[in-house]
Amino acid sequence: MPSYRNVALAMFLTLHGALGFGLRTSSLIASSASLRRTMSKATTTTAIYSTAEATESEKKTPIKNEEAYSKVKMEDIVSLCKRRGIIFPSSEIYNGFAGFFDYGPLGSELKKNVKDNFWRHFVQRREDVVGIDSSIIHNPTTWQSSGHLDGFSDPMVDCKETKLRYRADQLFCAPVTVEECGTTVGFVCVLEANDEDMVKAAKKQAKKLLKESDRKGQAIQPFAFKDLTQVSEEEMGQIPSPGSGKPTLTMPRDFNLMFQTNVGAMQDGSSVAYLRPETAQGIFINYKNVIGTSRQKLPFGIAQIGKAFRNEITPRNFIFRSREFEQMEIEYFIPPGDDVWQPFHEKWIADSKAFLETVGLREDLMGYDIHEGDGLAHYARACTDITFKFPFGEQELMGIAARGNFDLTSHTEGSGKTLDYFDEETKEKFIPHVIEPSLGVDRLILALICSAYAEDEVNGEKRNYLSFHPSIAPVKVSVLPLVKNKEPLVKAARELFEKLQMRWNVQWDQTGAIGRRYRRADEIGVPFCVTVDFETIEDDGAVTIRDRDTTEQVRIPIDEVVPYLSKMIDGY
């Protein structure tokens, strides 16, 4: 029977992964398999199948905090992104540059994975969609034909005192009316946010107004908010500017959002060009080329992922509304007819939502916004937005519009080139109509980070982690050698690591206790940790694979690791 001293030492070394603490005496260090056999003889506790599993062998199912996201503020998300190397403010050493952001080591991988998933889902796995990659700068006449030069603008107001500018449709005002007598004592003006934050800011301003009018403490009617595009000149004379706190705002006027540049050596009117404000027009002006080279028949689509630029008046809410961003768009061409477009539109709404779910968006945070009446563009037959509940409120994430034949018709007139389609079956020529699913890469990334934000409790310890779907996780696997000073063990782990590198972006981590390394991987959203321990090289030739979300562990032969992870990450 083994001595209690040896049993205690065996338990200590096994449970703490401490075989690398500098102990070298062979009488003290037995193999992991030997330690397990010793423990099974001396104790009646549940068997520990590997040194790696010991850190969580007594664990219970994690208790998830279902209310964690509802309490998160936008500042928390911004801080998390910077702290974990996802997104940084652009030009930060020069105090930043409003409306521009840089993607860090994790963010650039996340962004690439999101775009790759979109391309696989909507282009490579479909026979009716092809892709293009058009230039950022088009012939300037493109924007004249599309209507962007004359109509691509946002309503703007200026504060005459502070010289600050605001989007008029993002400033909301409401009269402060005393409930008892119906007297209006003034107006409040707040920036667009979620309902709770807007009411909170309005109450603070209303309290000040009541005090100034000797009505402190009196009850007021609920706020009836409307944006500044809907106010009269008389009302604007009473609405305080967010900058000055006084009625110093101008009436709304249009502000063109396109970035202007010059092409060539001359700096005159003939050299003026524009950075594209959307990727869609690059598809429309290449429609004829694609038809002539791809052998596609209606209905079919053309997809594009690329940069776009908009000189936003007030970029805000982090990467949700920025001046440089990426779009993923499809123009799906269909036959004309009042009875044709609706089934295609509904199908694309369903397909778009299904895609968003496959990359990990929480269904309970998504919704729909159906545009009607004045909410529709003049050329659109229908438009439905898939919305997402961000910390600053529910906003548009992806739009699916039935655009009619407006774009191809406009470019036919502007270029003088025929952009019609000849149907070989009906022997008819016509200009196709279009269904347009449009999604911002940056908005989707922000929504994915919000969806992935999670808190739970493991063995009484609070854990914060990012539960990214494996297909879009920046790092797919973290390979952990149990100790870093046992050459055969490190060699086996390194060989596995290099093998996994051939398939995915993986991480090597050999420093610190196993539990601490698990937490480091959890924080950046690594879905799987693979631990190589003493049993791997001395006994069963297997490794421990730990799941991030459940913390459950499985023991798998090392030769089966790639097929197992392939099924879990790629689905096959």
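Taking the stretch 378-409 as the search range and keeping residues that are assigned to a loop (DSSP other than H, G, I, E, B) and open to solvent by 40 Å² or more (accessible area, probe 1.4 Å), which one is nearest to residue 193 (Cα to Cα)? Write out each step before concluding.
Just the residues of the stretch 378-409 that are assigned to a loop (DSSP other than H, G, I, E, B), to begin with: 378-381, 391-392, 405.
Checking the rest, the ones that are also open to solvent by 40 Å² or more (accessible area, probe 1.4 Å) come to 378-379, 381, 405.
Details: 378: 28, 379: 30, 381: 29, 405: 36 Å.
For the stretch 378-409, the residue satisfying everything is 378.
Only one of these conditions is not met by residue 551: (1) in a loop (DSSP other than H, G, I, E, B); (2) open to solvent by 60 Å² or more (accessible area, probe 1.4 Å); (3) more than 20 Å from residue 501 (Cβ to Cβ). Which number is it?
(2)
Looking at (1) buried (at least 17 other Cβ atoms within 10 Å of the Cβ); (2) assigned to a loop (DSSP other than H, G, I, E, B), which is the only condition residue 282 fails?
So the condition that residue 282 fails would be (2).
Just checking, how many residues over the stretch 410-444 are of a type in the set (Ser, Thr, Tyr) and buried (at least 16 other Cβ atoms within 10 Å of the Cβ)? Before you say what the answer is, go through the steps one by one.
Going residue by residue through the stretch 410-444, those that are of a type in the set (Ser, Thr, Tyr) are 410, 412, 415, 418, 421, 426, 438.
From what is left, the residues that are buried (at least 16 other Cβ atoms within 10 Å of the Cβ) are 410, 412, 421, 438.
Counting residues in the stretch 410-444 that are of a type in the set (Ser, Thr, Tyr) and buried (at least 16 other Cβ atoms within 10 Å of the Cβ) gives 4.
Please tell me if residue 224 is in a loop (DSSP other than H, G, I, E, B), in contact with a strand residue (DSSP E or B) (Cβ under 7 Å, 6 or more places away or on another chain) and open to solvent by 50 Å² or more (accessible area, probe 1.4 Å).
Working: in a loop (DSSP other than H, G, I, E, B): yes; in contact with a strand residue (DSSP E or B) (Cβ under 7 Å, 6 or more places away or on another chain): yes; open to solvent by 50 Å² or more (accessible area, probe 1.4 Å): yes.
Answer is yes for this residue.
The conditions are (1) crowded, with 16+ Cβ neighbours inside 10 Å; (2) without any contact (Cβ under 8 Å) to a residue 60 or more places away in the chain, and residue 145 fails exactly one of them. Which is it?
Failed condition: (2).
Taking residue 289 as the residue in question, decide whether it is open to solvent by 10 Å² or more (accessible area, probe 1.4 Å), touching a strand residue (DSSP E or B) at 6+ places or on another chain (Cβ under 7 Å) and without any contact (Cβ under 8 Å) to a residue 12 or more places away in the chain.
Details: open to solvent by 10 Å² or more (accessible area, probe 1.4 Å): yes; touching a strand residue (DSSP E or B) at 6+ places or on another chain (Cβ under 7 Å): no; without any contact (Cβ under 8 Å) to a residue 12 or more places away in the chain: yes.
It is false that residue 289 is open to solvent by 10 Å² or more (accessible area, probe 1.4 Å), touching a strand residue (DSSP E or B) at 6+ places or on another chain (Cβ under 7 Å) and without any contact (Cβ under 8 Å) to a residue 12 or more places away in the chain.
When you scan the stretch 302-315, do you find a residue that is more than 30 Å from residue 72 (Cβ to Cβ), touching a strand residue (DSSP E or B) at 6+ places or on another chain (Cβ under 6 Å), part of a helix (DSSP H, G or I) and of a type outside the set (Val, Ile, Thr), even just one?
no
Select the helices (runs of 4 or more DSSP H) contained entirely in the stretch 74-186, then report the ones holding at least 1 residues which are farther than 26 Å from residue 328 by Cα. Explain how you work it out, then say what you get.
Details: elements: 74-83, 105-119, 141-146, 148-151.
Because the criterion is at least 1 residues that are farther than 26 Å from residue 328 by Cα, the helices (runs of 4 or more DSSP H) in the stretch 74-186 that meet it are 74-83.
From the list 229, 293, pick out the single residue that is β-branched (Val, Ile, Thr), under 28 Å from residue 150 (Cα atoms) and assigned to a helix (DSSP H, G or I). Steps first, please.
Details: 293 fails: under 28 Å from residue 150 (Cα atoms).
The conditions single out 229.
When the residues of the stretch 154-166 are filtered to those that are open to solvent by less than 50 Å² (accessible area, probe 1.4 Å) and touching a Lys or Arg at 6+ places or on another chain (Cβ under 9 Å), which remaining residue is farthest from residue 229 (Cα to Cα)?
Step by step, filter the stretch 154-166, then rank; the result is 159.
For residues that are part of a loop (DSSP other than H, G, I, E, B) and surrounded by fewer than 23 Cβ atoms within 10 Å (Cβ to Cβ), scanning just the stretch 526-547, find the one that is nearest to the chain's Cα centre (by Cα).
The initial filter retains those residues of the stretch 526-547 that are part of a loop (DSSP other than H, G, I, E, B), namely 526-527, 533, 539-541.
Filter again for surrounded by fewer than 23 Cβ atoms within 10 Å (Cβ to Cβ), leaving 539-541.
Numbers: 539: 44, 540: 41, 541: 39 Å.
The residue in question is 541.
Just the residues that are of a type in the set (A, V, I, L, M) and either more than 19 Å from residue 433 (Cα to Cα) or open to solvent by less than 20 Å² (accessible area, probe 1.4 Å) (or both), please, taken from the stretch 340-377.
Result: 350, 354, 356, 359, 361, 365, 366, 370.
Here is a list of conditions, (1) open to solvent by less than 50 Å² (accessible area, probe 1.4 Å); (2) closer than 30 Å to residue 121 by Cβ, and residue 509 meets all of them except one; can you say which number that is?
Here residue 509 meets the rest and fails (2).
Go through (1) over 16 Å from the mean Cα position of the chain (by Cα); (2) farther than 23 Å from residue 352 by Cα for residue 101 and report which single condition fails.
(1)
Within the stretch 260-276, track down each residue that is in a loop (DSSP other than H, G, I, E, B), among the aliphatic types (A, V, I, L, M) and at pLDDT 90 or above. Don't jump to the end; show me each part of the working.
Our first condition is that a residue be in a loop (DSSP other than H, G, I, E, B); within the stretch 260-276, this holds for 263-268, 276.
From what's left, among the aliphatic types (A, V, I, L, M): 263, 265-266.
The answer is 263, and nothing else.
Kindly provide the set of residues from the stretch 499-519 that are in a helix (DSSP H, G or I), touching a strand residue (DSSP E or B) at 6+ places or on another chain (Cβ under 9 Å) and farther than 18 Å from residue 570 by Cβ, ordered by number.
The answer is 514, 517, 518, 519.
The values are calculated or read from the model by the stated rules, or taken from the named source; none is laboratory data. Because the structure is predicted, anything quoted here is derived from the model rather than measured. Don't worry about glycine lacking a Cβ; one is built from the backbone with ideal geometry, like all the others, and counts go over all protein chains shown. SASA here: full protein model, heavy atoms, side chains in, ligands and nucleic acids out. Shrake-Rupley method; radii C 1.70, N 1.55, O 1.52, S 1.80 Å.
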